[in-house]
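Okay, so here's the structure we're looking at.
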Amino acid sequence: MIAGGNATIYVEDMDRAVDFYVATLGLALEQRWGNHWAQLKAGSGMTIGLHPRSAQAPPPGTPGSISVGFLLDEPIDDVVKRLARKGVAFRGPVVSDAKAGIALAFFGDPDGNSLYLCELKRAF
């Protein structure tokens, strides 16, 4: 079901954020899709995703502006149904972007921390 994951950090300025995490902190830039997403590797066990702030996301530096995403190895709809049966309350329907090849489902843990499921529908 869960095959990996990352911490997503919402940022105001993608270039500034990438520069900080790569040049200042020394993390490795694995991939970057313009100003839409940057994927950083923090050693062998952690991936950090930088994402521009959107109208739906909390402002950077506020509660909820960092979330944990779980990469799936099976269809997201199946996982959502299974977790919903276990009492997980999702925040809206699965969001799919066919052009980007991604599907996301947002929810929280019992303490209200932001979590999401991610199914990559095509290889990048």
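The values are calculated or read from the model by the stated rules, or taken from the named source; none is laboratory data. Computed from a predicted structure; not experimentally measured. When we count neighbours, we look across all protein chains shown, and the Cβ atoms used for this are built from the backbone with ideal geometry, even at glycine.
From the set of residues in region 78-98 that are more than 17 Å from the chain's Cα centre (by Cα) and charged (D, E, K, R), which is nearest to W33 (Cα to Cα)? Residue satisfying both the conditions and the ranking: D78. Pairing each residue of region 49-75 that is under 20 Å from D109 (Cβ atoms) and in contact (Cβ under 8 Å) with a residue 60 or more places away in the chain with any residue that is surrounded by 13 or more Cβ atoms within 10 Å (Cβ to Cβ) and polar (S, T, N, Q), provided the two are 6+ apart or on different chains, yields C-beta distances under 6 Å for S67/T8; S67/S114; G69/N6; G69/T8. In region 34-63, the residue that is modelled with the highest pLDDT out of those that are hydrophobic (A, V, I, L, M, F, W, C) and more than 14 Å from the chain's Cα centre (by Cα) is A42. Taking the conditions (1) in contact with a His (Cβ under 7 Å, 6 or more places away or on another chain); (2) of a type outside the set (S, T, N, Q); (3) surrounded by fewer than 17 Cβ atoms within 10 Å (Cβ to Cβ) in turn, W37 satisfies each one other than (3). Residue count for region 1-34 under the criterion of being closer than 28 Å to V80 by Cα and surrounded by fewer than 14 Cβ atoms within 10 Å (Cβ to Cβ): the result is 6. Of all residues in region 78-98, those satisfying the criterion of being outside any loop (DSSP other than H, G, I, E, B), in contact with a strand residue (DSSP E or B) (Cβ under 8 Å, 6 or more places away or on another chain) and surrounded by 12 or more Cβ atoms within 10 Å (Cβ to Cβ) are V79, V80, L83, A84, F90, V95, S96. Here L27 meets the list (1) without any contact (Cβ under 8 Å) to a residue 12 or more places away in the chain; (2) in contact with a Leu (Cβ under 7 Å, 6 or more places away or on another chain) almost entirely, failing just condition (1). Within the set S67, S54, the sole residue that is part of a loop (DSSP other than H, G, I, E, B), of a type in the set (S, T, N, Q) and either within 29 Å of T24 (Cβ to Cβ) or in contact with a helix residue (DSSP H, G or I) (Cβ under 9 Å, 6 or more places away or on another chain) (or both) turns out to be S54. The strands (runs of 3 or more DSSP E) found wholly in region 1-47 and carrying at least 2 residues that are more than 19 Å from S114 (Cα to Cα) occupy 28-33, 37-42. Among the residues that make up region 65-76, is at least one of them charged (D, E, K, R) and either surrounded by 15 or more Cβ atoms within 10 Å (Cβ to Cβ) or under 16 Å from N6 (Cβ atoms) (or both)? Yes. Among the small types (G, A, S) and more than 15 Å from the chain's Cα centre (by Cα): does that describe G101? Spelling it out, it is not the case that G101 is among the small types (G, A, S) and more than 15 Å from the chain's Cα centre (by Cα).
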